[in-house]
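Accompanying notes for the structure given below.
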Amino acid sequence: MTSETPETLTLDELDYQLLTALQLAPRADWQRIGAALGVDASTAARRWNRLFRSGHAWISCMPAQFALQSVVLAVIEVDCVAGRLPEVAAGLADDVNIVTLEHVTGARDLLIQAAFVDHVQLGRYLSLRLGMLPGVAASRTQIALTVHIEGSRWRLDRLSDEARQSLVEGRPTTVRPGHVLGDEDVRLMQVLSEDPRQPAVRIAERTGLSPTTVRRRLDRLDAERSLAYRCEVARYVSGYPISVSIWCTLPAGDTGRVVSKLSGMRETRFCATLSGSANLILVVWLRSVQEVAAFEARLAVQVPELRIIDRAVALWVMKLGGHLLDPLGRKLRTVPLGFWNDPESDAAEGELLARLRQVVG
């Protein structure tokens, strides 16, 4: 790394290759990572530690969709009272349900992706948590009926085919869905999410499990693809600093074919079918704001069935995959996801039910 200041870093080609390697094999040992990059293990580890400690790179960990008995992903648009957006954003930042929180352009102030155990918990959150938060003027919610593409597949693509193959070699080629995360698995995932590369001994100390049990459980979860890992990099050095959310309409019968085309586009980060009149949302990462029009023009040619209804450019991605970020996209700290547990909304619902049970004389 060169041209370094306390505030910013300039990454070199080896850094980008390292990040690509960790996107492909996030928990591989440093010897294997170094071999793929043509450097020794200590060089690879030193490079990563520098990026990680400065907040310029990190690895997220969250449950794969099929690994939970039920999960409802909601896309929530929030309007704030004038001058209250910073207060609202700060109030929402630590909510364990919120996966992504963005300050965006267009007909909403904040755009949220949040996960819930079921529709009941979502309703409770909207009415008893979000709806009661000072500074929130209004909100609109859609449910992601199907998530077609998510962030763990996004790559920097800075490695040779040979290096990529060396990192994925031996990985199971088929996914065996069906295993549902138990309580101990969830606790393990929450500790792991703070730093998926932390050693098994440290995880064991924090979970009360033995190191052997931790290694065995992680090996099983990895083999079953029950966890989704994302190696992320600060947006200002990623080469793709612009995130755009695009709402579209699409004939239901065309979904499979269109999603197949979208998944092959370099810019695609996220795609889901929605419950509203705009029945598809697409999140793309671009190199500049000026590329938005060109991307949409290419989209119109390659996927003519898709009709764009609205778009929002992220001004500040405040939270990504359960990690809080600064305006340049550097990680500040982790908020481990815990959407199976919402104590604030539960308490508010309990108070409401107690009032409803009261007999008015």
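The values are calculated or read from the model by the stated rules, or taken from the named source; none is laboratory data. Here the structure is a predicted model, which is why all the values come from computation and not from measurement. Positions of Cβ are generated from backbone atoms using ideal geometry, with glycine treated the same way; all protein chains shown enter the neighbour counts. In case anyone asks, the SASA skips ligands and DNA or RNA and just uses the protein heavy atoms, side chains included. Shrake-Rupley method; radii C 1.70, N 1.55, O 1.52, S 1.80 Å.
Taking the 1.4 Å solvent-accessible surface of the chain as the whole, the part contributed by carbon and sulfur is 53%. This structure gives P(r) over Cα pairs in 20 Å bins from 0, in percent, computed directly, and of (1) 22, 37, 33, 8, 0; (2) 30, 58, 12, 0; (3) 27, 59, 13, 1 that value is listed as (3). Just checking the listed ones, Met189, Met265, Met318: in the Gaussian network model of the chain with Cα springs under 10 Å, the one fluctuating most is Met265.
Net charge of the neighbourhood of Leu286, taken over other residues with C-beta under 14 Å away and scored Lys/Arg +1, Asp/Glu -1, is +3. Summed over the residues of the chain and divided among them, the accessible surface reaches 46 Å² per residue at a probe radius of 1.4 Å. The candidates Arg269, Arg46, arranged from most to least accessible area with a 1.4 Å probe in the full protein assembly, appear as Arg46, Arg269.
Structural size metrics of segment 108-259, computed from C-alpha coordinates, are Rg and Dmax of 19.7, 54 Å. One decimal place: the segment Arg216-Lys261 gains 12.4 nm when fully extended, by the rule 0.36 nm per residue minus the C-alpha distance. Each Cα pair under 8 Å and six or more residues apart adds its separation to the average, and for segment 257-361 the resulting relative contact order is 13 percent.
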